[in-house]
Amino acid sequence: LVVPVDPQKNLRFQIVEARGAGRNGVVFQVVVFAPLKVTARIERWRTGIKLVNFSTDADASVEMRLAGEVQYEYTVENGTRYLKFRPRVRAVDMQLVEFDLRRISLAAGPLVQEFGDVVTNPLADQLDKHEPKIVEKLNKSIVKREDRLKIPVSLPFDWSDWSWSKT
């Protein structure tokens, strides 16, 4: 189980890049940083006998660099004009910034911390392997919520000819 630590306070976003892409688009790169609480429980049974049983607690920090684009357009629905956004994630790069194994079952202390150091690189490799699936899941999540990605526009002027300029 992986849970963000007080995301209202600790989740950080940084826009690294945002530039125009065509008439109605923006290419972006965002970095997201999150501290996490990690818990795991492992049990292995064979023919009704419990061979292995332990639980772990760890603290971790993950940084995700997300690259994508947002297309936008004006639409009219039921007489109301909306600015509609269509974001798409193109790539994700996950980095395990910190991993601190605090406890394995009842054991804690330097030996557990040493074991945590040993498993840090394999955990980072697992994050790398899951990056394509993360991109896929993010895009599916965006599509599910596309009705939330529009805002009513009731301004006294028309922005439909507005576009991003190159600087």
Given [x] 22.2, 74; [y] 17.0, 55; [z] 28.5, 81, which label gives Rg and Dmax of the Cα atoms in Å as computed from the coordinates?
-> [x]
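Given Cβ point charges of +1 (Lys, Arg) and -1 (Asp, Glu) and nothing else, what value in debye, to the nearest 20, does the dipole of the range 38-165 about its Cα centre take? The partial results should precede the final answer.
Details: 20 positive and 20 negative charges, 143 e Å.
For the range 38-165, the charge dipole is close to 680 debye.
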Scan around Ala21 for amide H atoms under 5 Å from its own, H built in the peptide plane at 1.01 Å from N, and keep only partners 5 or more places away or cross-chain.
-> Val26, Val27
Label-zone membership for the range 8-23, site Gln71, 7 angstrom Cα→C-beta point, backbone N under 18 Å | 19-23
Return one whole number: the accessible area per residue of the range 46-90 in Å², for a 1.4 Å probe.
-> 60 Å²
Please determine, in degrees from 0 to 90 and to the nearest 10, the orientation of helix 110-144 with respect to the longest principal axis defined by the Cα atoms of the chain, where the helix direction is its Cα long axis.
-> 30 degrees
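What's the carbon and sulfur percent of the range 1-132's accessible surface, probe 1.4 angstrom, rounded to a whole number? Let's see the in-between values first.
On the way: 4860 of 8760 Å².
On the range 1-132, the fraction of accessible area on carbon and sulfur atoms equals 56 percent.
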Between Ser105 and Ala40, what length comes free when the chain is fully extended (0.36 nm per residue of separation minus the Cα-Cα distance, one decimal in nm)?
-> 22.4 nm
To the nearest 0.05, how large is the calculated FRET efficiency for Asn139 and Phe13 if R₀ is 25 Å and r is the Cβ-Cβ distance?
-> 0.85
At most 14 other Cβ atoms within 10 Å and a DSSP loop assignment: could you name the trypsin sites (Lys or Arg not before Pro) in the range 1-56 that fit?
-> Arg23
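Would you kindly state how much longer the chain becomes between Val30 and Val2 on full extension, computed as 0.36 nm times their sequence separation minus their alpha carbon distance, in nm to one decimal?
Details: separation 28, 0.36 × 28 = 10.08 nm, distance 2.17 nm.
So the chain would gain 7.9 nm between Val30 and Val2.
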Compute the FRET efficiency between Thr80 and Ala21 as 1/(1 + (r/R0)^6), taking r as their Cβ-Cβ distance and R0 = 22 Å, and round to the nearest 0.05.
-> 0.20
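The values are calculated or read from the model by the stated rules, or taken from the named source; none is laboratory data. Since the model is a prediction, treat every value here as computed from it, not as a measurement. Positions of Cβ are backbone-derived with ideal geometry, glycine not excepted, and every protein chain shown enters the neighbour counts. We work out accessible area using only protein heavy atoms, side chains counted, and drop any ligands, DNA or RNA first. Shrake-Rupley method; radii C 1.70, N 1.55, O 1.52, S 1.80 Å.
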